Amino acid sequence: MKKRMVFLLTVLMFVISVTGFAKSKELVIAVNANFISLDPHNLSDTLSGTAAATMYEGLLKYESDMSLKPLLAKNYKVSDDGLTYTFEIRKGIKFSDGTILDAKAVKYNFDRVMDKNKNLRRRRNFLTVKNVEAIKTNTVKIVLNTPYAPMLNRIASLRIISPAALKKYGDQGIITHPVGTGPYVYDKWVQGDKLVIRKNNSYWGQKPKVDKVTFKPVMENGSRIAMLQTGEADFIYPMPTEQVRRIKGNKNIEIMTGFSTIARYVTLNTNKDVFKNKKVRQAINYAVNKKAYAQVVKSGYLVPLTSPVPEALEYHADQTPYTFNLKKAKQLMKEAGYPNGFTTSIWGSNNTEDMKGMQFINQQLAQIGIKVEVMPMEEGTLANSIYGAQTPEEAKINMWYVNWSSFDIDGATKNLFHSDFIPPVSANTAYYTNSKVDKMIEDGAIETNSKKRAKIYAEMQSAIWNDAPWIFLGSDQLVSAKRKTTKNVYVMPDGAINLEKANTTK
Amino acid sequence: MYRIIKNKGGCDKTYILIIQEKMRYYILKRLINTIPIIIIVSILVFLFIHLIPGDPARLLAGHQATLEEIMIMRDQLGLNDPIYLQYFHFLKDFFSGNLGTSIKTGLPIKEMLIPRFKPTLYLAIFSIVWASIFGVVTGIISAVNRGKALDYFVMIGAISGISLPLFWLGLMLIQVFSVNLGWFPTGGVDGFKSYILPSITLGAGIMSMIARYTRSSMIEILKESYIRTSRAKGLSEILVVGKHALRNSLIDVVTIVGLQFGFLLAGSVLVETVFSIPGLGRLLIDSILFRDYTVIQVILLIFTLQFIVVNLVVDVMYGILNPKIRYE
């Protein structure tokens, strides 16, 4: 009898200890869209970028304040002429397939992304790169055609794939067989249902604290919140701002906000008669109450823009705000010769929030006599309407309600304000043409001295702000929500979810 | 087929063979007839998709892309090929079973489709099964109690079932049964349990429709002379309604069920969205938003094939339910 008791107790203890040890730490993250690709060189959406960033790493990485730090690189040097970037790569790092990361592997990745025939989506970041050479086992040299100041940001955005895996799976196979050096490794991807990653047990840096992370695309806002309430999800992003009130009293849930690199604005086609006069554009800016906009359209989760670029970006420089002032707006309209306003139209996407935003603009501008016809369009139709115009004269666009996100100031201004980038080339739908601004955008991009660069960009922002080719609305605050048991998961200013130090006390 | 033979009163083997032969011939004929339908549908699908405004290359590359990038992309995607050649590629990929590559994800379409079939199929089956059972039963109850309080009560329920917005019903069920009571998961496709709420949501409207059809057809049939005869010869009411009347009223019901099942197989976008079910409906919508031509074409053609098959099954079932219907 006694023996049996001892035996049973031992078994019991064994079971307890095993289950105790075996309890793996898992996180479920619910997001609002499907993953499109896991090939880090060929994706353009932030969400796919989030997933890729858990498995892949770049030579440099962004800290939470958007500053750059070496990651796979031990250190780097930029030549005085700004043409040569030399990176020394950390020794002893292996890809998750066991192959070694060295200068050749890095070169292989650069060559792949720069290949014109492949036309991968990240190629646009490296158009100024002349060539990349592996000069020593662990030293790689990147040579540019012309100096290009945002180059470090672009290099940071390139995540390194195992060349062996690329050769094995090919360009298509690599999408579903990711092999990188990151803290997590790929487990499975059930199309439309979930993406599962696991802890990389041989990770070279500090190993993740959770064993498994599952991403679930949950499009419907209400369902995503319900998952958080029931505990089926540990973290959700985005947290729908209009429903924050619904879960505010919940003791198990915490709502988090952070600043973003997203700028929200309305472009004014400066080529159209009514918008040609700077005074009209300024009047419009004075007539729109940005604080009310933040409350009405973004439930308060938006900070008014204080320059053409969001505050989160390096080289942002504050400008005198166009504070809501109807009297001044009316005065300016009168001076411009439109005392009774005019009729125009606004284009935008047909999602609920954007339609609300356009409706808001319509109401605000009615105060100074401008009648705005709100024209929501489905994305594809909208793109066609914008880029279908081959010349500025053909363009039917008056106003475009839109938002833009970029991780450096060059990316946040060039396509939007440089005269070379009017449609169909890119998104300068204000048809804004200012040769001084063009020059400053070009100069800023090649100036490697950061003080001089800051000066150029400050002047550029001031010039654009004064010309007011946009209604400068605001910069989004990113809202996410988590169970209180979830630790150290947060959303970066570019909208990517950071899981580096993720943990759970579930 | 046995019923038909019994009705003929005997075990005439040649008769069975003739019927089976006729049936086989009928099915074969129907299948051959589908070929022109498929060709016409494939042309229509292809043309419609290419007529919607929106350039996949532009949507794929995003507003940040340069013109050069988009030009190369159009070339790679074969969008610069003459339209008949693009159609030809589509047919070739489809009928060789390889289905082609998605413009949006770069993945083989087959890989994207296969995992999405199961959830949609399960959801369709669960919904149609419970909707049919409950619909027929409530329809009968209503018909038998025609004009009484119970009839009104059931029919008011049915009308509400049809008019409830799926979206709202789904979110309400989640709030009550997942968030408050914690009985079912809020979504996903992990096991049978996760299909219960979505099937209820999806089946509610169909059940109401079936109930109404069963009721009206039952009321008609209960007026027939052979029902009076059955009652006159002293059969119990259960036998009269449950056997003689029900079987005859099922013809209408089968038509409705078949039609609805065809639609369900195309996936319900709303229910799949509310319950995060990775089904075909949502894939189709995602693909349309992105102008993922290759995927849209394949999915639509598959839906057409499904409809053809379901229709065929329904037609064959007519014959089983009513031997008077002959296959020619």
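The values are calculated or read from the model by the stated rules, or taken from the named source; none is laboratory data. Everything quoted here is computed from the prediction, not taken from an experiment. No Cβ is skipped: glycine too gets one built from the backbone with ideal geometry, and neighbour counts run over all protein chains shown. Keep in mind that these areas ignore ligands, DNA and RNA; they rest on the heavy atoms of the full protein, side chains included. Shrake-Rupley method; radii C 1.70, N 1.55, O 1.52, S 1.80 Å.
Does residue B:38 satisfy the criteria of being under 20 Å from residue B:306 (Cβ atoms) and at pLDDT 80 or above? It is true that residue B:38 is under 20 Å from residue B:306 (Cβ atoms) and at pLDDT 80 or above. Among the residues of region B:44-85, those identified as farther than 14 Å from residue B:297 by Cα, within 12 Å of chain A (Cβ to nearest Cβ) and part of a loop (DSSP other than H, G, I, E, B) are B:53, B:54, B:55, B:62, B:63, B:64, B:65, B:66, B:77. The number of residues in region A:83-122 that are without any contact (Cβ under 8 Å) to a residue 40 or more places away in the chain, part of a helix (DSSP H, G or I) and not hydrophobic (A, V, I, L, M, F, W, C) comes to 2. All told, residue A:408 falls short of being open to solvent by 40 Å² or more (accessible area, probe 1.4 Å), closer than 25 Å to residue A:157 by Cβ and among the acidic types (Asp, Glu).
Of all residues in region A:67-82, those satisfying the criterion of being assigned to a loop (DSSP other than H, G, I, E, B), farther than 22 Å from residue A:167 by Cβ and under 27 Å from the mean Cα position of the chain (by Cα) are A:67, A:71, A:82.
Among the residues of region A:136-145, some residue qualifies, meaning at least one is farther than 20 Å from residue A:500 by Cα, out of contact with any strand residue (DSSP E or B) (no Cβ under 8 Å at 6 or more places or on another chain) and part of a strand (DSSP E or B). Out of A:325, A:350, A:340, one residue alone is surrounded by fewer than 16 Cβ atoms within 10 Å (Cβ to Cβ), in contact (Cβ under 8 Å) with a residue 12 or more places away in the chain, over 30 Å from residue A:443 (Cα atoms) and within 14 Å of chain B (Cβ to nearest Cβ). It is A:350. You will find that of A:159, A:198, the residue that is open to solvent by 30 Å² or more (accessible area, probe 1.4 Å), in contact with a strand residue (DSSP E or B) (Cβ under 6 Å, 6 or more places away or on another chain), more than 14 Å from chain B (Cβ to nearest Cβ) and closer than 18 Å to residue A:43 by Cβ is A:159 and no other.
For region A:430-438, the criterion of being under 23 Å from the mean Cα position of the chain (by Cα) and either among the acidic types (Asp, Glu) or open to solvent by less than 20 Å² (accessible area, probe 1.4 Å) (or both) is met by at least one residue. In contact with a helix residue (DSSP H, G or I) (Cβ under 6 Å, 6 or more places away or on another chain), small (Gly, Ala, Ser) and open to solvent by less than 20 Å² (accessible area, probe 1.4 Å), is that true of residue A:260? Spelling it out, it is not the case that residue A:260 is in contact with a helix residue (DSSP H, G or I) (Cβ under 6 Å, 6 or more places away or on another chain), small (Gly, Ala, Ser) and open to solvent by less than 20 Å² (accessible area, probe 1.4 Å). Looking across region B:285-302 at every residue that is closer than 18 Å to residue B:93 by Cβ and among the hydrophobic types (A, V, I, L, M, F, W, C), the one that is farthest from the other protein chains (Cβ to nearest Cβ) is identified as B:301.
Quick check on residue B:290: is it closer than 25 Å to residue B:49 by Cα, among the aromatic types (Phe, Trp, Tyr) and without any contact (Cβ under 8 Å) to a residue 24 or more places away in the chain? Answer is no for this residue.
Under the condition of being in contact with a Gly (Cβ under 9 Å, 6 or more places away or on another chain), more than 14 Å from chain B (Cβ to nearest Cβ) and in a loop (DSSP other than H, G, I, E, B), the residues counted in region A:224-283 number 3.
Would it be correct to say that residue B:298 is farther than 23 Å from residue B:52 by Cα and open to solvent by less than 30 Å² (accessible area, probe 1.4 Å)?
Answer is no for this residue.
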